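Have a look at the structure below before the remarks.
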Amino acid sequence: MKTLLILRHAKSDWSNSQLSDHDRPLNGRGQYDAPRMGAWLKQQKMVPELIISSTAERALTTAELVALASEFEGELRSMKELYLAGPPTYIEILNEVADSYERVMVVGHNPGMAELVSLLTDKDQPMTTANVAVVDLPISSWGELSLFSDGRLKHHWRPKDLPA
C-alpha cells in the first residue's frame, strides 16, 4: 500500500498583471493557509517522505511552506512538467518514484489536481486552493500506479475546516 497526498497550491496573487501566470506568487491568504496545512499534516502524522511540485511560483512556494511547517525532512523536487499538468503526467512522474517511498505528495494546479483525485478514487472532490486529498493506493510499487488504480480517498482537508 502506498499513500499519495495531492495538494493544490494555495491562493495566488493576481494584483500584478505584468507577471506571467507561471510567476504569480501567493497572496496573503495563501501565505497563511499553506503553513497551516503543513502543521495539520504533521499533527495528523501524514508528513510525506517526498514532495514533487510544479515549478510555478505559487505551487513551489506552497510546497516549501508546507514542508517547513510540517518539519518535512525529505527531498523536495520541482518539475516543470507539472506546470498545469493533467493526470497522465502525474502518473508518469510517480511511476519513476523509488519504491522506498511509502508516502508521496504532489503539488500542482487545477483542473489536474481535481481530475487526478477523481480518476484515482472515483469521487468528484472539489480541490480548492490549499486542499489536500489523501489517497490510499492498493499498490506495492509506484511503477504499478495507473489512471485506473483503485485508490481510496482517506481524507480531504481544506484550510477553512482546520481548527483556528
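The values are calculated or read from the model by the stated rules, or taken from the named source; none is laboratory data. Just so you know, these numbers come straight off a predicted model, no measurement behind them. Here Cβ is always computed from backbone atoms with ideal geometry, including for glycine, and neighbour counts include all displayed protein chains. Ligands, DNA and RNA are excluded from the accessible area calculation, which covers all protein heavy atoms including side chains. Shrake-Rupley method; radii C 1.70, N 1.55, O 1.52, S 1.80 Å.
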Which numbered condition trips up T61, out of (1) in contact with a Pro (Cβ under 7 Å, 6 or more places away or on another chain); (2) open to solvent by less than 10 Å² (accessible area, probe 1.4 Å); (3) within 23 Å of P25 (Cα to Cα); (4) not basic (K, R)?
-> (2)
Please give the number of the condition R77 fails out of (1) open to solvent by less than 10 Å² (accessible area, probe 1.4 Å); (2) out of contact with any helix residue (DSSP H, G or I) (no Cβ under 6 Å at 6 or more places or on another chain).
-> (1)
Does the range 56-77 contain any residue that is of a type in the set (F, W, Y), at pLDDT 95 or above, touching a Lys or Arg at 6+ places or on another chain (Cβ under 9 Å) and part of a loop (DSSP other than H, G, I, E, B)?
-> yes
If you go through the range 98-109 one residue at a time, how many are in contact with a Ser or Thr (Cβ under 9 Å, 6 or more places away or on another chain) and either over 7 Å from W142 (Cα atoms) or surrounded by 18 or more Cβ atoms within 10 Å (Cβ to Cβ) (or both)?
-> 8
Of all residues in the range 28-54 being out of contact with any helix residue (DSSP H, G or I) (no Cβ under 9 Å at 6 or more places or on another chain) and in a loop (DSSP other than H, G, I, E, B), the one that is most open to solvent (accessible area, probe 1.4 Å) = K45
Which of the following residues is more than 13 Å from the chain's Cα centre (by Cα), closer than 19 Å to V134 by Cβ and open to solvent by 40 Å² or more (accessible area, probe 1.4 Å): L68, L119?
-> L119
For L19, state whether it is among the aliphatic types (A, V, I, L, M) and either closer than 19 Å to D161 by Cβ or open to solvent by less than 30 Å² (accessible area, probe 1.4 Å) (or both).
-> no
